[in-house]
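*Asks:* Got a structure for you, written out below as structure tokens; questions coming shortly.
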Amino acid sequence: MSKIEIQAQPVVRSRVLMPALVFSVLVGFTLALFLFPALIIQPFKYQSPRGITLAMAVRQVAPLWSLASLAAALLFAVILWERIGRWTRPLLVLGIVLASAATVMSRIDYFEWMFHPAGTPGFRSADQAQLAPSEMVMAVNLNGDARAYPILEMAYHHIVNDTVSDVPIVVTY
Amino acid sequence: MRDEETGTWWQQITGRAVSGPLQGEQLDPVLSDELTFATWKGENPAGKVLAPVVKDSKEYESNWEPEVAKLPVVISFPGTALASRDVVIGMEVGGASRAYPLSALLSEKVIEDHLGGLPIALIVGPDGKSIRAFVSTVGGTDIELFRNVDASDWSLMDVSGSSWDFKGCAVSGLMQGKCLKEIVALKDYWFDWRNYHPATEVYKR
């Protein structure tokens, strides 16, 4: 009788504790894949060359790794669901929600929320353009094909992809 | 900057791929000018102007530069010759780099200098705002340019008496028909230029 009790206790604990620990690590890892680069790459904040290299490397692998990590976390959540009490289950749900959000964010270029891409550029003739004479433009001339990119527009969109005289160029400001 | 084809991240100022599948690759720079619309249109009446994106055009900030000038800088170089937000014309020739304070260029109108073993000229255009830079040689001969202050209109001369236009071409005199080679002149804040050109010098008259 007493022999059974001594053995039963550790078995029950490890049936919950170990999967719960792995689940927590997986959720934490998925969150870190999003949060680590997000905290390093902030506008108007200095990034050391090492920090930015690391953050960029994480962003490159994050889409795949976060998906794999989320899938594994889901597996452990299913395993744990029947083994824990109903009051602990919301923690599992919270973990999955957070990890899912991080997985989505890892696959989104959220910087583009700040910078609005110009899309496919439209053009006007020099006579039709409604620009003040003193307005500054970025000017490119390739083989006689002359283009003007008003600073007013470039300072908002920052990047315009264009093709000038059959040469694909990117105009940045 | 990130490209959609490969997800590579590119550094704006250098055009170098810093992270991702194309890491280490380099985009070729294209020569570009910062000109007033009037000057550009005068030179390119048949040129095309980027149209505003209709849904965003209300957000365009005509005061963008003064607003940006107030923002904090992410890196600074105390003890250097200029303040972080001083605007410079950054020049890189033959491995050498030098920053020309915009205020100095605007007051001098023409700067003749040597950089990386080449004679160069920085010129403020007739509108007082547009700036171009050239290698100031023709067939191995140095061309010393200066503004003819006696002329009523904007006039750029060399010591041989030829007169030049803002495109860097001689329009009269001995050199008529000859053109100087235009080179990249990057308008930038001092802290940014200094960050990417640690060995840069600063132009002094």
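Readers should treat all values here as calculations from the given coordinates under stated rules, not as data from a laboratory. Here the structure is a predicted model, which is why all the values come from computation and not from measurement. Ideal geometry is used to build each Cβ from the backbone, glycine not excepted, and the neighbour counts take in all protein chains shown.
*Asks:* Would you be so kind as to identify which of B:Ile111, B:Val74, B:Gly95 lies farthest towards the positive end of the dipole of the range B:73-115, taking Lys and Arg as +1 and Asp and Glu as -1 on Cβ and the Cα centre as origin?
*Replies:* B:Val74
*Asks:* If you don't mind, there's one more thing I want to ask. Hey, which lysines would be in cross-link range of A:Lys45, C-alpha to C-alpha under 19 Å, not counting anything within fewer than 8 residues on its own chain?
*Replies:* Within reach: B:Lys70.
*Asks:* As I understand it, the value is the acute angle between the Cα axis of helix A:49-81 and the longest principal axis of the Cα atoms of chain A; what does it come to in degrees, rounded to 10?
*Replies:* So the helix axis and the longest Cα principal axis differ by about 40 degrees.
*Asks:* Which value, in debye to the nearest 20, describes the size of the charge dipole of the protein assembly as shown about its Cα centre when Lys and Arg Cβ atoms bear +1, Asp and Glu Cβ atoms bear -1, and nothing else is charged?
*Replies:* With Lys and Arg at +1 and Asp and Glu at -1, about 2120 debye.
*Asks:* Still on this structure: Against the longest alpha carbon principal axis of chain A, how many degrees, from 0 to 90 and to the nearest 10, is the axis of helix A:89-106 turned?
*Replies:* Helix A:89-106 sits roughly 20 degrees off the main axis of chain A.
*Asks:* Another question about this same structure. Any chance you could list P(r) for the range A:117-173, counting all Cα-Cα pairs in 5 angstrom bins from zero, rounded to whole %?
*Replies:* Whole-percent P(r) values from 0 Å outward: 4, 17, 30, 28, 17, 3.
*Asks:* Tilt of helix A:2-40 relative to the longest C-alpha principal axis of chain A, in degrees (0 to 90, nearest 10)?
*Replies:* Roughly 10 degrees, rounded to the nearest 10.
*Asks:* Under a GNM of chain A (C-alpha, springs under 10 Å), which listed residue has the highest mean-square fluctuation: A:Ala139, A:Ala57, A:Ala32?
*Replies:* With Cα springs under 10 Å in chain A, the top fluctuation among A:Ala139, A:Ala57, A:Ala32 is at A:Ala139.
*Asks:* Based on alpha-carbon centroids, what's the gap between the range A:130-173 and the range B:23-54 in Å, whole number please?
*Replies:* About 3 Å separates the Cα centre of the range A:130-173 from the one of the range B:23-54.
*Asks:* Pop out the Kirkwood hydrodynamic radius of the protein assembly as shown from its pairwise C-alpha distances, inverse of mean 1/r, in Å to one decimal.
*Replies:* Averaging 1/r across every pair of different Cα atoms and inverting gives 24.9 Å.
*Asks:* Next question, about the same structure. Report, as a whole number in µm² per second, the diffusion coefficient that Stokes-Einstein gives for chain A at 37 °C and 0.692 mPa s using the Kirkwood radius over alpha carbon pairs.
*Replies:* 157
*Asks:* Springs between alpha-carbon atoms under 10 Å, Gaussian network over chain A: tell me which of A:Arg147, A:Arg124, A:Arg50 tops the mean-square fluctuations.
*Replies:* Result for chain A, Cα springs under 10 Å: A:Arg124 fluctuates most.
*Asks:* Taking B:Lys55 as the anchor, which aspartates and glutamates have their alpha carbon closer than 19 Å to its alpha carbon, excluding any fewer than eight residues away along the same chain?
*Replies:* Within the straight-line cut-off, B:Lys55 pairs with A:Glu112, A:Glu153.
*Asks:* Roughly speaking, what % of Cα-Cα pairs in chain B are separated by over 19 Å, rounded to a whole number?
*Replies:* 69
*Asks:* What is the Cα centroid distance between the range A:51-74 and the range B:161-205, reported in whole angstrom?
*Replies:* Here the answer is 46 Å between Cα centres.
*Asks:* Can you pull the one-decimal nm distance between simple spin-label points at B:His114 and B:Asp142, each 7 Å off the Cα toward Cβ?
*Replies:* Taking the two extended label points, one gets 0.6 nm.
*Asks:* Another question about this same structure. Specify the residue with the greatest mean-square fluctuation among B:Pro72, B:Pro21, B:Pro29, computed from a Gaussian network of chain B linking alpha-carbon atoms under 10 Å apart.
*Replies:* Per the Cα network of chain B with a 10 Å cutoff, B:Pro21 tops the list.
*Asks:* If the cut-off is 16 Å between C-alpha atoms, which lysines fall inside it for B:Lys204, apart from same-chain ones fewer than 8 positions away?
*Replies:* Result set, ordered by chain and number: B:Lys109.
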